[in-house]
1. If R₀ is 22 angstrom, what is the calculated FRET efficiency for the pair residue 249 and residue 165, using the beta carbon separation as r and rounding to 0.05?
2. Looking at the stretch 128-160, which trypsin sites (Lys or Arg not before Pro) are in a loop (DSSP not H, G, I, E or B) and have at most 16 other Cβ atoms within 10 Å?
3. In the chain, which longest range has no GluC sites (Glu not before Pro) that are both DSSP loop (not H, G, I, E or B) and surrounded by at most 15 other Cβ atoms within 10 Å?
4. What is the calculated FRET efficiency for residue 273 to residue 92, with r their C-beta to C-beta distance and R₀ = 51 Å, to the nearest 0.05?
5. Taking the Cα centre of the chain as origin, work out the dipole magnitude from +1 charges on Lys and Arg Cβ and -1 charges on Asp and Glu Cβ, in debye rounded to 20.
6. Just tell me, in residue order, which DSSP H segments of the chain are both 15 angstrom or longer along the helix axis (alpha-carbon based) and at least -0.5 in mean Kyte-Doolittle hydropathy.
7. Taking 30 Å as R0, compute the FRET efficiency from the Cβ-Cβ separation of residue 141 and residue 62 and round it to 0.05.
8. Evaluate the chain: find the radius of gyration of its Cα atoms, find its Kirkwood radius, and give the ratio Rg to Rh.
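Bear in mind these aren't lab numbers, they're just calculated from the coordinates by the rules spelled out. From a predicted model like this one, the values you see are computed outputs, not experimental measurements. Here Cβ is always computed from backbone atoms with ideal geometry, including for glycine, and neighbour counts include all displayed protein chains.
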Amino acid sequence: MTPDRSADVVVVGAGQAGLSTAWFLRKYAVPYVVLDAGERPGGAWAHRWPSLRLAGTNHVHDLPGVPLRDPDPCRPAAEVVPEYFAAYERDLGLPVLRPVRVTAVREAGDGRLLVESSAGTRSARALVNATGTWTRPFWPAFPGRGAFRGRQLHTADYPGPGPFRGERVLVVGGGISAVQHLMDLATVGARTTWATRRPPLWRETPWDVDAGRTAVAQVEEAVRAGRPPESVVSVTGLPVTDDVRAARAAGVLDRLPMPARLVEDGAVWPDGTRRPYDAVLWATGFRAALEHLAPLGLREPGGGIRMEGTRVARDPRVHLVGYGPSASTIGANRAGRAVVRDLLDLLGRPAAA
């Protein structure tokens, strides 16, 4: 297939990692284009549930060059962050095309890559994948999931607490989203049960630079070895805020081990205890959205992708940002800078604009 356009670099995704990379590519005058599948700016933030206020997020770091300044912490995160991203794209004149869904990336045969999308095929000397995880919610295989007659939904589909007023809800998952859902549902009188595979790890101490570096290093070790990465958040522990302390004191965050199975009207625990539920909310995380890269054969036998920094070890033309250690917002910013340093070497360009 003959490409209808070409660029030195194609960036896939315009969330925090993609926009950070775009800023550094712009700084060093590298020809590039950003293809984003979203209908509007904001990345995954555009899809957060309406009741999630900015104050309830795990901190939104500034994009490079333009600070977020002092937004109202009581406003919905799904409004504040997309507005910030939209202004960033507009004011810097970033070449973001949307909605464009990338369907496959293939070898062109001449040292370049072919990027196939809903807007045609493009040729690139390098590709920066910043598709994140939001479009790939993880639904675990769980005994009885098909038998349960109530509602089942994932964090990716969570509409806010309103539809669950007064209902019995089983929340499954040990991450920040589960904690946020439980506190949210409590505001409408939902009767919740929290189930996790392991006891939650609470972080009572302040989060500082050294702790962040340690967490990122743990995830980085996994991707260097080609193992599927844990999220950075999974190794940081759950932050204890004033709201969390209040919820714990009220019993909202009391936790049970996982049930043995779901049944038609609820769940059964290994000791035979049976509890009825109207809904099960799976706060079980996400997986990296990388299916479009499958034609390049980047995965190791264990299913992971071996990384050297942000560069894929099997193909130095491909960089993954928002993956593994760069999945947090601060990690994404650092990754954008590192990506462009490597790309300048690949493209044979000086490291000065």
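1. For R0 = 22 Å, the calculated efficiency reads 0.45.
2. 145, 149
3. 40-203
4. E between residue 273 and residue 92, to the nearest 0.05, is 0.35.
5. Dipole about the Cα centre, nearest 20: 480 debye.
6. Both cut-offs are met by 16-27, 77-92, 176-186, 209-224, 329-347.
7. 0.15
8. For the chain, the value is 0.99.
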